[in-house]
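*Asks:* Pasting in a structure now, in structure tokens, and then I'll have a few things to ask.
The values are calculated or read from the model by the stated rules, or taken from the named source; none is laboratory data. Fair warning: this is a prediction, and the values are worked out from it, not measured in the lab. Counting neighbours? That spans all protein chains shown, and the Cβs are built from the backbone with ideal geometry, glycine included.
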Amino acid sequence: MKKLQVLGTGCPKCKKLAENAEAAAKALGIEYELEKVTDINKIMKFGVMITPALAVDGEVKTAGKVPSVDEIKSMIS
Amino acid sequence: MAVKKKCCSAGETKVLLVCAGASNVGQLTNDVAKQLASAGEACFFCLAGIGGHVSGMIASVRGADKVVVLDGCPGACAKKTMDAAGLKDYEHLVVTDLGIEKQHTFEISKADFQKTLEAARKRLVCASGE
């Protein structure tokens, strides 16, 4: 089970990142859990300084961008 | 293709990382970064987070539009920390290259501060001219 966490306070780009992450996980056919982390204190604990960000199994893979579905697929797999 | 933007904010993300070393020139990098961050001209990130392989910090640097690294002396510890983390896309400034002599004291003149501040500011200017 992959744990995907979208870190951001809920702006449109955060929502787009969550959509893309979910689409990537579905395209790969993997089991996953998607969490939206909106609490700024929890976001800071990841060391993230620019949002939105995406963490996979606790490791931040991207920040400050909205990667494409294909880009996220390579981050997950 | 990735869309590179700050969340809920327009404009470019400019980031500063500095050595903050134990000398006049090291502390000068810290003072200049604090000034630029306080004035809203750049975001000041912790170099220790890069050295510590904090994934969120590294990803945040990768996500920035412009990154400037300040070292006090030719030891270039900040540059080496960035390079060791695989971060290559940044502007680099060494304070002693500005003609400021390294000393193991923490006395910083206004003239040296101003000279370093202006040099750092020039490197923060993005290719777009912003």
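*Asks:* Residues to consider are A:Ala55, A:Ala23; find the one that is touching a residue at least 40 places away in the same chain (Cβ under 8 Å) and more than 11 Å from chain B (Cβ to nearest Cβ).
*Replies:* None of the other options fit; the residue is A:Ala23.
*Asks:* Sticking with this one: Run down A:Ala23, A:Ala55, A:Ala18 and say which single residue is buried (at least 22 other Cβ atoms within 10 Å of the Cβ) and modelled with pLDDT of 95 or more.
*Replies:* Only one candidate passes the filter, namely A:Ala55.
*Asks:* So is A:Lys2 more than 8 Å from every other protein chain (Cβ to nearest Cβ), closer than 17 Å to A:Glu71 by Cβ and loosely packed, with under 13 Cβ neighbours inside 10 Å or not?
*Replies:* no
*Asks:* Select the helices (runs of 4 or more DSSP H) contained entirely in the range B:1-116, then report the ones holding at least 3 residues which are within 14 Å of chain A (Cβ to nearest Cβ) and within 26 Å of A:Met75 (Cα to Cα).
*Replies:* The qualifying helices (runs of 4 or more DSSP H) are B:47-51, B:55-63.
*Asks:* Could you check chain A for strands (runs of 3 or more DSSP E) lying wholly inside it with 1 or more residues that are touching a Phe, Trp or Tyr at 6+ places or on another chain (Cβ under 7 Å)?
*Replies:* Ranges flagged: A:2-7, A:53-56, A:59-63.
*Asks:* Considering every residue within the range B:82-104, establish whether at least one is modelled with pLDDT under 95 and farther than 16 Å from A:Val48 by Cα.
*Replies:* Yes, some residue in the range B:82-104 is modelled with pLDDT under 95 and farther than 16 Å from A:Val48 by Cα.
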